[in-house]
Amino acid sequence: MQTLNVLQNDFPGAVASVGAALFLLATGIALIRSGALPRWLGWVGVVFGVLTLVLRLGPIGAGLWVLLASIVILLRANQAVAPLPFDGVRAHEAWPHFVAISSTTVIAPDRS
């Protein structure tokens, strides 16, 4: 803890830049791999992360990326989303037919 305090006091720009760059790089790579948001947004995050490290932008690069990501999320929220296909069984109808073993395992009874 003392080491982080000394680094923050002696090199405030470097510590902020490294933290922001790690955030941008990790988030950008996660978006590229998952596709949860547009992949171009992930690439923008990676580029901002590298630029934050090289130019010592600190939280400015992260702030710009968060602003851009927020705009993308807001624009996507206003788009119409296609409903999921209906399989003929409502959740309340399926409840007694399934037995939950744990939070991750569900066993369905044999319907033969």
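The values are calculated or read from the model by the stated rules, or taken from the named source; none is laboratory data. This one's a predicted model, so the numbers in the text were calculated from it and none came from an experiment. All Cβ positions, even for glycine, are placed from backbone atoms using ideal geometry, and neighbour counts span all protein chains on display.
In region 34-51, the residues that are of a type in the set (K, R) form Cβ pairs under 7 Å with partners that are at pLDDT below 95, at six or more places apart or across chains, as follows: R39/L31; R39/I32.
Residue count for region 11-37 satisfying the condition of being exposed (fewer than 14 other Cβ atoms within 10 Å of the Cβ) and closer than 17 Å to I71 by Cβ: 1. Any chance region 50-65 includes a residue that's hydroxyl-bearing (S, T, Y) and in contact with a helix residue (DSSP H, G or I) (Cβ under 9 Å, 6 or more places away or on another chain)? Within region 50-65, one or more residues are hydroxyl-bearing (S, T, Y) and in contact with a helix residue (DSSP H, G or I) (Cβ under 9 Å, 6 or more places away or on another chain).
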